[in-house]
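K.L.:
I'd like to ask some things about the structure below.
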């Protein structure tokens with residue numbers, strides 16, 4: 001918290017910095033032939049192809065031109081629901097683009113991570129956090145995580161907001 005020294009032994013929440021890490025996972029899967037940047041998302045995630053989203057490509061998700069909202073928008077979605085991945089994924093499947101995908105940019109504050117994570121899960125059968133650890137952070141010797149931390153590391157998290165928020169699921 002503010003006013004307390006950071007000793008370098010704690011964990012901090014990266015927020016949007018994680019977008020670069022998740023994009024690295026996507027590009028690793030592209031390099032290995034598991035994903036095509038120009039393929040529609042629905043090639044890997046069939047339920048995504050409704051409400052005008054059938055032509056949204058993996059590239060459009062990565063470059064923030066999918067036309068989808070920056071936040072999961074639905075009357076019954078709240079920040080506390082972000083730990084309920086099934087609910088968020090259903091919300092993304094039901095979303096309608098604000099404009100023709102690929103024609104305008106809207107920074108996808110929260111939806112980016114959920115969409116990229118679901119694409120990775122559909123292709124690999126693993127969470128994006130698991131793929132990141134197996135393919136990037138562990139081989140490079142980095143103590144870096146995407147998604148929830150293991151319980152034994154939680155005491156080292158440096159708080160940045162009230163502790164009333166839900167715990168993210170283990171990735």
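No value in this document is a laboratory result; all are computed from the given coordinates. Because the structure is a prediction, the values reported are computed rather than measured. Every residue, glycine as well, gets a Cβ built from its backbone with ideal geometry; the counts of neighbours run over all protein chains shown.
K.L.:
Using r as the Cβ-Cβ distance of residue 63 and residue 153, and R0 as 22 Å, what FRET efficiency do you calculate, to the nearest 0.05?
P.N.:
0.10
K.L.:
Let me ask something additional. Could you list 155, 137, 66 in order of exposure, starting from the residue whose Cβ has the fewest other Cβ atoms within 10 Å?
P.N.:
Least to most surrounded, the residues fall as 155, 137, 66.
K.L.:
Would you mind ranking 105, 68, 37 by Cβ crowding within 10 Å, fewest neighbours first?
P.N.:
105, 37, 68
K.L.:
With the Cα gyration tensor of segment 16-156 in hand, convert its eigenvalues to equivalent ellipsoid semi-axes via √(5λ) and list them largest first in whole Å.
P.N.:
Semi-axes (√(5λ), whole Å): 25, 19, 13.
K.L.:
State, to one decimal in nm, how far the label point of residue 103 lies from the label point of residue 51, with both points 7 Å from Cα in the Cβ direction.
P.N.:
Going by the 7 Å Cα→Cβ label model, 1.9 nm.
K.L.:
How do 93, 118 line up, fewest other C-beta atoms within 10 Å first?
P.N.:
In order of increasing Cβ crowding within 10 Å: 93, 118.
K.L.:
Quickly work out the residue 38-to-residue 70 label distance, labels modelled 7 Å from Cα along the C-beta direction, and quote it in nm with one decimal.
P.N.:
Using points 7 Å along Cα→Cβ, the separation is 3.1 nm.
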